[in-house]
1. May I ask you to say which residue of A:20, A:38, A:92, A:100 is touching a residue at least 12 places away in the same chain (Cβ under 8 Å), surrounded by fewer than 24 Cβ atoms within 10 Å (Cβ to Cβ) and within 14 Å of chain B (Cβ to nearest Cβ)?
2. Filter the range A:44-57 down to residues that are buried (at least 24 other Cβ atoms within 10 Å of the Cβ) and either more than 9 Å from chain B (Cβ to nearest Cβ) or part of a helix (DSSP H, G or I) (or both), then give me how many there are.
3. Which ones in the range A:24-34 are surrounded by 18 or more Cβ atoms within 10 Å (Cβ to Cβ) and without any contact (Cβ under 8 Å) to a residue 12 or more places away in the chain?
4. Can you find a residue that is crowded, with 17+ Cβ neighbours inside 10 Å and not in a helix (DSSP H, G or I) anywhere in the range A:581-601?
5. Can you tell me which residues in the range B:29-46 are within 29 Å of residue B:11 (Cβ to Cβ), part of a helix (DSSP H, G or I) and more than 8 Å from every other protein chain (Cβ to nearest Cβ)?
6. Which residue pairs have Cβ atoms closer than 6 Å, lie 6 or more positions apart in sequence or on different chains, and pair a first residue in the range A:225-251 that is within 15 Å of residue A:212 (Cα to Cα) with a second residue that is among the hydroxyl-bearing types (Ser, Thr, Tyr) and crowded, with 19+ Cβ neighbours inside 10 Å?
7. Only one of these is more than 20 Å from residue A:400 (Cβ to Cβ), modelled with pLDDT of 80 or more and surrounded by fewer than 24 Cβ atoms within 10 Å (Cβ to Cβ): A:300, A:279. Name it.
8. Being more than 20 Å from residue A:77 (Cβ to Cβ), of a type in the set (Phe, Trp, Tyr) and out of contact with any Phe, Trp or Tyr (no Cβ under 9 Å at 6 or more places or on another chain), is that true of even one residue in the range A:270-288?
Amino acid sequence: MEVIKLAWVDYLIILAYTIFVVGIGFALRKYMKSSAAFLLAGRSIPAWVTGLAFMAANLGALEVIGMAANGAKYGMLACHFYWVGAIPAMVFLAVFMMPFYYGSKARSVPEYLKMRFDERVRCLNSITFGVMTMLTSGISMHVLADLLRQLLGWNYNACLWLTSAIVLLYVFKGGLTSAIYTEVLQFFMIVLGFAPIVFLCLKDINGWAALKDTLAQVAQNPQVVNVGSQPFPTNAWTSCWATTGHPANNPMGIDWFGVLFGLGFVLAFGYWCTNFLVVQRALAAKDMYAARMTPIIAAVPKMIFPLLVILPGMVAVALAFKCADYDIPKKPLEGRAMQKVLAALNEMVEKQVPPTEAFEYISKEAGMAMSQEKVTALIREHAAHPLPENELRARLQAAITENDYNNVMLSMLKRYLPNGLLGLGLTALLASFMSGMAGNVTAFNTIWTYDIYQAYIAKNKSDEHYLWMGRMITVIGVLISIACAYIAKQYGNIMDLVQLVFGFVNAPLFATFLLGMFWARATGDGAFYGLLGGTLTSALFHGLTLSQNNAPGIKGAWLAKLFGSTPVHVFQSEMAQNFWLACFAFTVCFLLTVVISLFTKRTKTEEELRGLVYSLTPRITDHGRPWYARPATAGAVLLIICLILNIIFW
Amino acid sequence: MGLDIRIPIGWMFTAVGGLLVLYGILTNGNAELYRRSLNINFNFWWGLVLLAFGLLMLIPALLKKEEPQSSQQPPPGQ
């Protein structure tokens, strides 16, 4: 990807944004007098602020980069992550679960688990959550640094450390309050920074009807732009449900049951209802009503976000198909991979291997799809008279046909935004990464300080001590994220990897919460072993199954490989594998918890469970509020709108 | 907390919007630059949008701040 030049105005916009986010941290510094103020924001924030922060904390790398990538790869099917995979779960959280989280006065999700079950469940949850947050944070930082390097030619390490330093500065100064307030600012920045791209790309392709027409041609000839090898039905990129009858009919390789149960129920509820990263924003709300309204308010922008993040990806595919001057960015061939390929090329030329064989060997060494025509031409010319290394490198890169979907959003940014708006778009990108990272860091520091440090390492210390610990772990958390970013450098598609992590940890978790909140008979033993069993099921499932076009290993079937057998099942896509993994993990956790609970004694009395279990908690009434301001009715309206959207884009 | 988030958001977008409008005026007629944005001076127009949004956030917050001076500052740390 060729590097683009920024003008003074672009730098000024980035600078202005940085000054404001850091300034918010400094303005809030004077309020950070107790650990509760630092880690819990003192439960003092109005609902519209926590609602938008709830939305923005989830708007990390996954959303902007990953969803544009999904839009290109899967088209409208990517909307399932919103209309199936988010809204229903957010409404459920607001209406049914928030009263327990907020009402129990638990400071974190693991602490709720301790109150409801016992110490073991909390320990398991806080540790897995901690690991997951750091991984997610690291992945998103890696993506940012790598994109800035490719797009602007900035130094990878400098990007990584500099953006982390800014996040660290404002979180260290103003704690969770500062993270939440900056998230609101970042939310508006993201929306207003990316909106020009949406407008311009839609105008360029001549509107929605023309986009649909082009995408129908893409679906018929996906190999032209390397988005598939076999023709799909014409509506594969432009419909949500019509092609989900069989996994082979749609680019995501999924079926409606996997979407509905795996994504819509297990993964979505597991994420939105139990993930402390988002729940923490609602817990910082000033009262019970504000806490319940938080996910409802967040659901409104969430519902229209596909327009902002998925649509540009879809337009990118259409442009690549139709216009000569645009192509989906290709994977970069660099560093060690480039060395390997160069060596392979020279070896093939020296040994005078036949072209087809030589091509196969070279593209295998590259580890990605290459154009046979270009590679064989290169071999022929290089054999005739040796080419200089610079030219070899350039031509090898040009021969790569494997799409780098994570770069789709930036390629659109580069194509449409002139200097000025370009700075704004880049700032929006920075804002999305910072909001995601700040969310992870603030969730991690609270879990560490209250659920691990205070619970197991240093009990009964003064509050100043915990405040000090909270600050220290903020610094350490940022450092761990940076370490994870370097780890993440090795993996390919970010979204799939994170989905996998969610599958391992989150999928079984919702079963535990569901039973914990709605079944007073569920015991600590049941919850603990059920959760353990569910997580092990995830690992086992992943170890035994694989998805098409993947070798056994990190992508699955590692257990099968270990014992030298073939995978038990091969899915059409990684996405399908993840959805089904979630289904299995949830079911096992659910059944194990029920069975073990029935055979073990309850350790908590009815009195202790008051406020923690549905049947033992007095209902909250919203009489005296207009219907649209009641969480239940507002939630129902949102669900109906969501259903209508699904039908419109059926 | 004693910070009304609308104020920093308002100031930031007013500043950034103003900057874009200014840059749009300075670069008006630069065909090379605006070929990317389909020959529209999008800096200028989008700058106006940001400016309007910034002021929309800022003005009510500033007006509200002036009214009840005493009750605006709750004792810090509960």
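1. Criteria check complete, one pass: A:20.
2. Count: 9.
3. none
4. no
5. Residues satisfying the conditions are B:44, B:45.
6. A:233/A:243; A:236/A:243
7. A:300
8. No, the range A:270-288 contains no residue that is more than 20 Å from residue A:77 (Cβ to Cβ), of a type in the set (Phe, Trp, Tyr) and out of contact with any Phe, Trp or Tyr (no Cβ under 9 Å at 6 or more places or on another chain).
The values are calculated or read from the model by the stated rules, or taken from the named source; none is laboratory data. None of these values were measured; they are calculated from a predicted model. Every residue, glycine as well, gets a Cβ built from its backbone with ideal geometry; the counts of neighbours run over all protein chains shown.
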